[in-house]
Amino acid sequence: MRFGLFGSAQARRGRADGDPARDFRHYVDMNVEAEALGFHSSFLVEHHFTGIGQVSASLDLLAWVAARTTTLRLGTAVIVLPWHDPVLLAERAATLDLMSGGRFEFGVGRGYRHSEFAGFCMPYEEAEARFEEALAVIVKAWTSDTRFSHRGSFWQYQDIVVEPPTAQKPHPPIWIAAGNTESIRKVAARGCKLLLDQFATVQAVGERLALFRAEVEARGRSFDPMDVAVARNVYVARDAGEAQAALARQAQAHARMVALSQRPDGGNRSHIMAYAGTPGGAEASALYGTPDRIAAELAALRDVGVEYVLLNGGEDTAQTVRRFAAEVMPAFAS
């Protein structure tokens, strides 16, 4: 199996030490260490207006990681396309791909948090259409060596050639977050890679992976299991008591995320929100436990076809990364 990292970094206002950049520096240092420990990739989220300092400028922080690493793949999970000018985003992402030596992985989504769409004064009902238009423009920008114009519903450009070019050809790998049947079929139809969320059960993950594989092969393409990445919250505990305490803290963090995400009318129906109404639903699939227990749960994922897992270490990622590398990864080295 292949392992990467998935998560966030924080720059909090009002720190007692007066150094809001400290955790960003720790995030960069942790990724340098993760590369040395054998992790394949690191995927970074994008969030806005949280009040807890979650990373908002994902590409900028990844550029710092790129400068300090040599083999680690650098991904976004995800950049929310509706909020971005697609040409400016294409330029910035291409720059990161060039300067990292072709290590960028472009993970994208349409967004789901009500607080973010409200903050941008953008109707959530436009998210799907904006996503589709933005992605089409970005792919065109990366693959066109000649000038082009675009007249869309949300963005317009006249006689442009987008620079710089990307290092990877025809462009960096595109990952799309999807959970329901129709969205997974769309990812396969586009020829993109699939990101599966950290809350789905092993059975659900297996069903979604099998659907994606069938859709890929139905289009005459070979299926590569590394084109599907499954996220999982992880905490390597010394005993069951430590694991349960960490799970309780994770449940509180998830509740805060739900509060930021839900609409006032309770109408947010995204697949991430589907776990909010089930007590313990968001924690049931977390890899929280002793190394042996985590290894058994990873083996269950492997049995349904998963070969690539992105780990979110949450509250103490550096410690979790070290423990996981030392006490879990060796069992899956082959």
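What the table shows:
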quantity	calculated
All strands (runs of 3 or more DSSP E) inside segment 149-240 with 3 or more residues being buried (at least 21 other Cβ atoms within 10 Å of the Cβ) and in contact with a Cys (Cβ under 9 Å, 6 or more places away or on another chain)	none
Lone qualifier among ALA245, ALA253 - being free of Cβ contacts under 8 Å to residues at least 24 places away in the same chain and not in a strand (DSSP E or B)	ALA245
Of all residues making up segment 32-87, the number that are open to solvent by 30 Å² or more (accessible area, probe 1.4 Å), more than 18 Å from ALA134 (Cβ to Cβ) and of a type outside the set (Lys, Arg)	17
Subset of segment 300-325 [closer than 15 Å to ALA237 by Cβ, open to solvent by less than 30 Å² (accessible area, probe 1.4 Å) and among the small types (Gly, Ala, Ser)]	GLY313
Lone qualifier among LEU72, LEU98 - being in contact with a Lys or Arg (Cβ under 9 Å, 6 or more places away or on another chain), within 30 Å of GLU33 (Cβ to Cβ) and at pLDDT 95 or above	LEU72
Residues located in segment 185-202, provided they are under 25 Å from ALA286 (Cβ atoms) and of a type outside the set (Val, Ile, Thr)	LYS193, LEU194, LEU195, LEU196, ASP197, GLN198, PHE199, ALA200
Options ARG113, ARG92, ARG130; residue that is surrounded by fewer than 20 Cβ atoms within 10 Å (Cβ to Cβ) and out of contact with any Cys (no Cβ under 7 Å at 6 or more places or on another chain)	ARG92
Number of positions in segment 95-110 that are without any contact (Cβ under 8 Å) to a residue 40 or more places away in the chain and either open to solvent by 20 Å² or more (accessible area, probe 1.4 Å) or of a type in the set (D, E, K, R) (or both)	3
Residues that are open to solvent by 40 Å² or more (accessible area, probe 1.4 Å), within 24 Å of TRP175 (Cβ to Cβ) and either in contact with a Pro (Cβ under 7 Å, 6 or more places away or on another chain) or modelled with pLDDT of 90 or more (or both), drawn from segment 262-299	GLU297
Unique residue being more than 21 Å from MET30 (Cα to Cα) and touching a helix residue (DSSP H, G or I) at 6+ places or on another chain (Cβ under 9 Å) when the list is ALA66, ALA118	ALA118
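The values are calculated or read from the model by the stated rules, or taken from the named source; none is laboratory data. The structure displayed is predicted, hence computed values, not measured ones. Every residue, glycine as well, gets a Cβ built from its backbone with ideal geometry; the counts of neighbours run over all protein chains shown. Quick note on the areas: whole protein, heavy atoms, side chains included, nothing else; ligands and nucleic acids left out. Shrake-Rupley method; radii C 1.70, N 1.55, O 1.52, S 1.80 Å.
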